[in-house]
Amino acid sequence: MKAEPLYRLDRALGEALERSLRAHHRRRLRKIGWDHVFDPPEEWATGGSPPRAGTSLEVLVDGEEAFGAMADAIAGARDHVHVAGWHIEPDFDLAEHGTLEETLAEAGRNADVRVLSWAGAPLPPPFRPRRAEAAAVAERLGRLNGVRVALDSKERLLHCHHEKLVIVDGTTAFVGGFDFSTLGASRLDGSHHPPKEPMGWHDAAFRIEGPLVRDVAAHFALRWAENAGEYPPVGSPPPSGDVEAQLVRTVPENVYDGLPRGDFTLLASYVAALREARELVYLENQFLWSSEVVRILAEKLRNPPSDDFRLVLVLPSKPTTGKDDTLGQLAVLAEADDGAGRFVASTLHSRDGDRTTPVYVHAKGGIVDDRWLTSGSGNLNNHSLFNDSEVNVVTRDEGLARETRLRLWAEHLEVEVESLEGRAPAEIVDDVWIPTALEQLERREAGEPPTHRLARLPHVSKRSKRLLGPLQTFLVDG
């Protein structure tokens, strides 16, 4: 009882700070004509690239599959290879393909290779990659025949260029969360996730063919032209599949001359999809700091749109700050759920006997009602939704959305996809996901070896760090 006044004060201060941040975002976007993203009028995001029919999408899960597909595509290039990343390491291991440097050097024999990287953090350590690191990479890769490198320093203060893109010959593109980098840990991990030091890595990306590739290529071309003074080829690929998909992005205003009002369709896409949700919201994300997003999810929990509505989150046990401040927003959701059991927040750990290491959840994806699917570079924080440059792809293809959910759930639950077929999401969540995750948390807290990869995030309660999330957002997230 003595803690009750402190809890009420903590909650009041947190809610007041969140209201202030949301009002600031609305004022900022209203000034540049983007305030419609908070109340999107249509299923597809408006104001940016339109949805493209005739697209082929393949979901690539975890590093072994994704990097292998990227390396194969780069090795087969005949005209050009365009790579954009947050941080790029020449020595990045692409397994049987050799290093990234070797792969790009070989591609440069037959194609023009352009590498566009963020110029790095202008601030002193511990922020990485630093300007000097990015410059050293540019100098090293730039010595390769057929390879040109540009560094993009047109970032907003304290923010970055976070997108991860590969475009080959204007006909194939990759959009996802993978960096050719080992900062933090190597991204080259398999879906079986054996224990790795310091941690494993879970991520996803789209392989794209068809008309949508042109939008990815045009976005790269915009950034390259404004940093290198040359507009590279974009291409116009013919239809290649039967999926309709859309490129959505965050580009802050006043960063590029060719896009002075910016682009905030990434936020619009999430807002529309989450508000439409009837039975399931499934999110894998590195961060859950966005008050705009959490507010929508909390309302769904307070007033469920159906008896079967469930909210399932897969997050890292600790974000890259080293502090689990995401709990500031999970507390909002736990309170909104109020013990109804519609909400579960989970994380991943590799295991091999008594040995276990974290699996860092770096994915930036979501599935709503098995009819909306996104993946890309955008986190659910203010960096990604308002201030960094980001690219995601969205589709409303029900078959692909459902297939992807089943594949991801089978990986995390360590079961065969067939065992999940024909079962409603709510049934799987209630009968399999929640009991498994809770048992593994209890085993970890008791010091017993885990028997499954999935575990419930610890200490998720309605009295946990209610102010800290908004404060972290205000001070760090922008």
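The values are calculated or read from the model by the stated rules, or taken from the named source; none is laboratory data. Model, not experiment: these values are computed from the prediction. No Cβ is skipped: glycine too gets one built from the backbone with ideal geometry, and neighbour counts run over all protein chains shown. For the accessible areas, the whole protein counts, side chains as well, though only heavy atoms, and no ligand, DNA or RNA atoms are used. Shrake-Rupley method; radii C 1.70, N 1.55, O 1.52, S 1.80 Å.
At a glance:
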{"read-out": "Accessible area in square angstrom per residue, the chain, 1.4 angstrom probe", "value": "39"}
{"read-out": "Cα→Cβ-extended label distance, 7 Å offset, between Lys318 and Glu421, nm", "value": "4.2"}
{"read-out": "Check: the range 97-191 dipole with +1 on Lys, Arg Cβ and -1 on Asp, Glu Cβ, in debye", "value": "320"}
{"read-out": "DSSP-defined beta bridges in the chain - what % are antiparallel, rounded to 5", "value": "65"}
{"read-out": "Coil-residue trypsin sites (Lys or Arg not before Pro) of the range 1-101, DSSP, other Cβ within 10 Å capped at 11", "value": "Lys2, Arg78"}
{"read-out": "Percentage relative contact order, the chain, counting C-alpha pairs under 8 Å, at least six apart", "value": "18"}
{"read-out": "Dimensions in Å of the range 1-157 - Rg and Dmax from alpha carbons", "value": "22.6, 72"}
{"read-out": "Label corresponding to Rg/Rh (Cα atoms, Kirkwood Rh) when calculated from the structure given, among (1) 1.04; (2) 1.02; (3) 0.95", "value": "(3)"}
{"read-out": "Positive-end residue, the chain charge dipole about Cα centroid, Cβ charges, pick of Gln440, Gln329, Ile74", "value": "Gln329"}
{"read-out": "Carbon/sulfur fraction of accessible area - the chain, other protein chains in place, 1.4 Å, %", "value": "50"}
{"read-out": "Farthest positive-ward along the chain dipole, Cα basis, beta-carbon charges - from Thr46, His159, Leu267", "value": "His159"}
{"read-out": "The range 204-335: C-alpha pair distances exceeding 18 Å, %", "value": "67"}
{"read-out": "Cα-based helix-to-principal-axis angle, 327-337 vs the chain, degrees rounded to 10", "value": "50"}
{"read-out": "Cβ charges +1 (Lys, Arg) and -1 (Asp, Glu), total dipole of the chain, debye", "value": "2000"}
{"read-out": "Rounded if a/c under 1.5, otherwise prolate or oblate - the range 118-205, Cα gyration tensor axes", "value": "oblate"}
{"read-out": "For the range 16-94, Kirkwood radius (reciprocal of mean inverse C-alpha pair distance, Å)", "value": "17.4"}
{"read-out": "Computed magnitude of the charge dipole of the range 175-214 (debye, nearest 20; Cβ of K, R +1, Cβ of D, E -1)", "value": "120"}
{"read-out": "Charge-dipole axis of the range 19-131 as Lys and Arg at +1 and Asp and Glu at -1 on Cβ define it, positive-most pick from Ala84, Val59, Ala105", "value": "Ala84"}
{"read-out": "Principal-axis tilt of helix 291-302 within the chain, Cα atoms, nearest 10 degrees", "value": "40"}
{"read-out": "Kirkwood hydrodynamic radius of the range 343-410, from inverse mean 1/r over distinct Cα pairs, in Å", "value": "14.0"}
{"read-out": "Nearest 10 degrees, 0 to 90: helix 4-31 Cα axis against the chain principal axis", "value": "30"}
